[in-house]
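For reference, the structure discussed in these notes is given below.
We did not get these values from a lab; they are worked out from the coordinates using the rules stated. What you are looking at is a predicted structure, and each value in this text was computed from that prediction instead of being measured. Cβ sites come from the backbone with ideal geometry, for glycine too, and all protein chains shown count toward neighbours.
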Amino acid sequence: MQKITLAEEKILVEKAKESLSAFSKLYEYYLPKIYSYLLNRVGDKKTAEDITSETFLKAMKKIDKFKYQGFTFGSWLYKIAHNSLCDYYKKNKAIISLDEIKNVPETKNPDILEKIDNNHQIRQVLQYLKEDYQQILALKFFENLSNPEIAEILGITVNSLNVKLHRSIEAFRKHYVNLFPKEKEVILS
């Protein structure tokens, strides 16, 4: 599906409050993005599919409460996906091994691909970071969300996010250099 503008999105959201067919257009547009985000986070197709379904079901049930307050419908969906992911981890006490991460498909984000030789290295390094650091880096670099959007999704201020983003990148660099000492250029700069 081609990119929709903010104006088009606003119209679709208002129509989706009354019509399931309008919601299905939003679903078709955001499904690949939300699914990709969740798949990168959990590393298992079935689990990502389940959490994606749960995300859209929650969004469909609550769309009448959605209001534009400086953030897009997409940001709202990512927030629902984030919360659903947190619920999943709490419920399942899930831990992903590095072997499972090897099976996660490569990201299709060309900006990331230009900066790295091997996506597997990033996944290895991310595994060593705290969960909130992993979350921030995934939203920033895999999903290309803005700092205000990420702050909204995580329920923190932009200033707090900036501090956490800086700490996340520094922790990533530290682990990257420790795991891959022969690499000359550290990514995520």
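How far apart, in nm, are two points set 7 Å out from the Cα along the Cα-to-Cβ line at residue 173 and at residue 146?
It works out to 2.6 nm between the two label points.
Kindly state, to the nearest 0.05, the FRET efficiency for residue 157 paired with residue 33, given R0 = 30 Å and r defined as their beta-carbon distance.
Calculated value: 0.75.
Taking neighbour counts of Cβ atoms within 10 Å as a proxy for exposure, in what order, fewest first, do 21, 75, 160 appear?
Ranked by crowding around the Cβ, least crowded first: 21, 160, 75.
Arrange 72, 52, 157 by Cβ neighbour counts within 10 Å, fewest through most, would you?
Fewest-to-most ranking of 72, 52, 157: 157, 72, 52.
Within region 57-78, whose backbone N sits under 12 Å from a point 7 Å along Cα→Cβ of residue 18?
No residues fall inside that zone.
In what order do 55, 47, 5 fall by count of nearby beta-carbon atoms within 10 Å, going from fewest to most?
5, 47, 55
Once you have the Cα-Cα distance between residue 91 and residue 121, take 0.36 nm times their residue separation minus that, and quote the gain in nm to one decimal.
Gain on stretching residue 91 to residue 121: 8.0 nm.
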